[in-house]
Amino acid sequence: MRIIEVNSYEDLSRKAAAIIAAQVIGKPDSVLGLATGSTPIGTYRYLTEWYKKGDLDFEKVRSVNLDEYAGLGGDNDQSYRYFMNHNLFNHINIHMENTNVPNGRAEDLQAEGSRYDALIAALGGIDLQLLGIGHNGHIGFNEPCDEFVVGTHVVDLGESTINANARFFAAAEDVPRQAITMGIGAIMQAKKVLLIANGPDKKEIVEKAVFGPVTPKVPASVLRLHPDCTVICCFQKA
Ligand code: GLP
């Protein structure tokens, strides 16, 4: 695991975008695993900027997102599909049909999980997976639990996750109580993993994940077993 600590969110965002840019330049038809949350917004801004300058081409890129809230469709401005369209996909030349987000409105979410895993397999797996980290150590929506869940699955969101994500909703009651998330299997099978963490409130959990025991109680700790994982963190106040 490579750990890069930087002093500003801008620096974090530029470095993360540079790693993704290098992946796309080296393999134009890369399968990018993408993440939501406030942390990757700056990274997506740099990727957009470099695309507009002509330095990056997403024509052949395919993408798979980590997760989606149960019950929210892409037209809902709190959905992760909406987030991805507005923060990245609408601004670059990726083909929308090559972008994938789990369908939170699928009638049978378990079946949607199996479909999503089959899709990732059909794409040949993920070349580079971008991750944020929750305050409880979650990656995607893999919440702390008793064992790592391998496949894409439905999760009950924990209290701390609901509270942390409430800032994006009108009220905490509006945060969906369930989500569908890629499991630890697809994340660990990604050829490269890039985790980004920003802010003083993420310091404690990043240290636990990086230096503590590998345990499903801190889902991000599993990344220590990944052969090619980079962590970029900034613990400064904004
Ligand atoms: C959500 C997402 C995660 C993300 C986390 C942290 O729970 N499902 O993938 O890593 O938020 O978000 P932020 O970057 O806003 O702290």
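Identify all residues within region 10-51 that are among the hydroxyl-bearing types (Ser, Thr, Tyr) and touching a Gly at 6+ places or on another chain (Cβ under 6 Å); write none if there are none. Even if it seems obvious, please write down each step before you answer.
At the first step, the residues of region 10-51 found to be among the hydroxyl-bearing types (Ser, Thr, Tyr) are 13, 30, 36, 38-39, 43-44, 46, 48, 51.
Of everything in region 10-51, those that are among the hydroxyl-bearing types (Ser, Thr, Tyr) and touching a Gly at 6+ places or on another chain (Cβ under 6 Å) turn out to be Ser13, Thr39.
Let's see how each residue does on (1) without any contact (Cβ under 8 Å) to a residue 40 or more places away in the chain; (2) in contact with an Asp or Glu (Cβ under 7 Å, 6 or more places away or on another chain):
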position	(1), (2)
Ala35	no, no
Lys52	yes, no
Leu66	no, no
Tyr69	no, no
Arg81	yes, yes
Ile94	yes, no
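Please enumerate the residues belonging to region 143-165 that are open to solvent by less than 30 Å² (accessible area, probe 1.4 Å) and among the hydroxyl-bearing types (Ser, Thr, Tyr).
Of everything in region 143-165, those that are open to solvent by less than 30 Å² (accessible area, probe 1.4 Å) and among the hydroxyl-bearing types (Ser, Thr, Tyr) turn out to be Thr152, Thr161.
Every residue, every condition in (1) in a helix (DSSP H, G or I); (2) touching a helix residue (DSSP H, G or I) at 6+ places or on another chain (Cβ under 6 Å); (3) in contact (Cβ under 8 Å) with a residue 12 or more places away in the chain; (4) not charged (D, E, K, R), yes or no:
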residue	(1), (2), (3), (4)
Lys15	yes, no, yes, no
Thr43	yes, yes, yes, yes
Tyr46	yes, yes, yes, yes
Ser63	no, no, yes, yes
Asp77	no, no, no, no
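Conditions first: (1) open to solvent by 20 Å² or more (accessible area, probe 1.4 Å); (2) within 15 Å of the ligand (Cβ to nearest atom); (3) within 25 Å of Lys217 (Cβ to Cβ). Phe168 passes all but one, so which condition is the exception?
For Phe168, the failing item is (3).
Does Asn100 count as within 16 Å of the ligand (Cβ to nearest atom), of a type outside the set (A, V, I, L, M, F, W, C) and open to solvent by 40 Å² or more (accessible area, probe 1.4 Å)?
On the way: within 16 Å of the ligand (Cβ to nearest atom): yes; of a type outside the set (A, V, I, L, M, F, W, C): yes; open to solvent by 40 Å² or more (accessible area, probe 1.4 Å): no.
The answer is no for Asn100.
Search region 52-72 for residues being open to solvent by 10 Å² or more (accessible area, probe 1.4 Å) and touching a Gly at 6+ places or on another chain (Cβ under 7 Å), and hand back the single one that is nearest to Val155 (Cα to Cα).
Ala70
Which one of Thr48, Thr99, Thr36, Thr43 is within 19 Å of Arg177 (Cβ to Cβ) and modelled with pLDDT of 95 or more?
On the way: Thr48 fails: within 19 Å of Arg177 (Cβ to Cβ); Thr99 fails: within 19 Å of Arg177 (Cβ to Cβ); Thr43 fails: within 19 Å of Arg177 (Cβ to Cβ).
The conditions single out Thr36.
Of everything in region 202-220 that's in contact with a Phe, Trp or Tyr (Cβ under 9 Å, 6 or more places away or on another chain) and in a helix (DSSP H, G or I), which residue is most open to solvent (accessible area, probe 1.4 Å)?
Residue satisfying both the conditions and the ranking: Lys203.
Kindly indicate the residue of region 136-165 that is more than 30 Å from Gly124 (Cβ to Cβ) and touching a residue at least 40 places away in the same chain (Cβ under 8 Å) and also farthest from the ligand (Cβ to nearest atom) among those meeting that condition.
Pass one, region 136-165, residues more than 30 Å from Gly124 (Cβ to Cβ): 136, 144, 146, 156-165.
Those left that are additionally touching a residue at least 40 places away in the same chain (Cβ under 8 Å): 136, 144, 146.
Working: Asn136: 10, Pro144: 13, Asp146: 20 Å.
Restricting to residues being more than 30 Å from Gly124 (Cβ to Cβ) and touching a residue at least 40 places away in the same chain (Cβ under 8 Å), the top hit is Asp146.
Please identify the pairs in which a residue from region 198-224 that is within 17 Å of Ala164 (Cα to Cα) has its Cβ atom under 7 Å from the Cβ atom of a residue that is open to solvent by 30 Å² or more (accessible area, probe 1.4 Å) and in a helix (DSSP H, G or I), counting only partners at least 6 apart or on another chain.
Asn198/Tyr9; Val218/Lys208
Quick one: what pairs do we get from region 115-133, first residue over 23 Å from Ile205 (Cβ atoms), second away from the ligand (no atom under 16 Å from the Cβ) and not in a strand (DSSP E or B), C-beta under 6 Å, 6+ apart or different chains?
Once the first residue is over 23 Å from Ile205 (Cβ atoms) and sits in region 115-133, its partners that are away from the ligand (no atom under 16 Å from the Cβ) and not in a strand (DSSP E or B) give Asp117/Gly151; Gly125/Gln189; Asp127/Ser30; Asp127/Lys191.
Can you tell me which residue in region 171-200 is nearest to the ligand (Cβ to nearest atom), limited to those that are in a helix (DSSP H, G or I) and open to solvent by less than 70 Å² (accessible area, probe 1.4 Å)? Give the steps one after another, and end with the answer.
Taking region 171-200 first, the residues in a helix (DSSP H, G or I) are 172-174, 184-189, 200.
Checking the rest, the ones that are also open to solvent by less than 70 Å² (accessible area, probe 1.4 Å) come to 172, 184-188, 200.
Values: Ala172: 14, Ile184: 13, Gly185: 16, Ala186: 14, Ile187: 11, Met188: 16, Pro200: 12 Å.
Step by step, filter region 171-200, then rank; the result is Ile187.
Checking Ser38 against (1) in contact with a Ser or Thr (Cβ under 9 Å, 6 or more places away or on another chain); (2) within 12 Å of the ligand (Cβ to nearest atom); (3) open to solvent by 10 Å² or more (accessible area, probe 1.4 Å); (4) not β-branched (Val, Ile, Thr), only one condition comes out false. Which one?
All conditions are met except number (1).
Would you be able to tell me the number of residues in region 223-238 that are open to solvent by less than 10 Å² (accessible area, probe 1.4 Å) and part of a helix (DSSP H, G or I)?
So the count comes out to 1.
The values are calculated or read from the model by the stated rules, or taken from the named source; none is laboratory data. Model, not experiment: these values are computed from the prediction. Here the Cβ is made from the backbone with ideal geometry for all residues, glycine too, and neighbour counts use every protein chain on show. Each accessible area value is taken on the protein alone, full model and side chains, heavy atoms only, with ligands, DNA and RNA left out. Shrake-Rupley method; radii C 1.70, N 1.55, O 1.52, S 1.80 Å.
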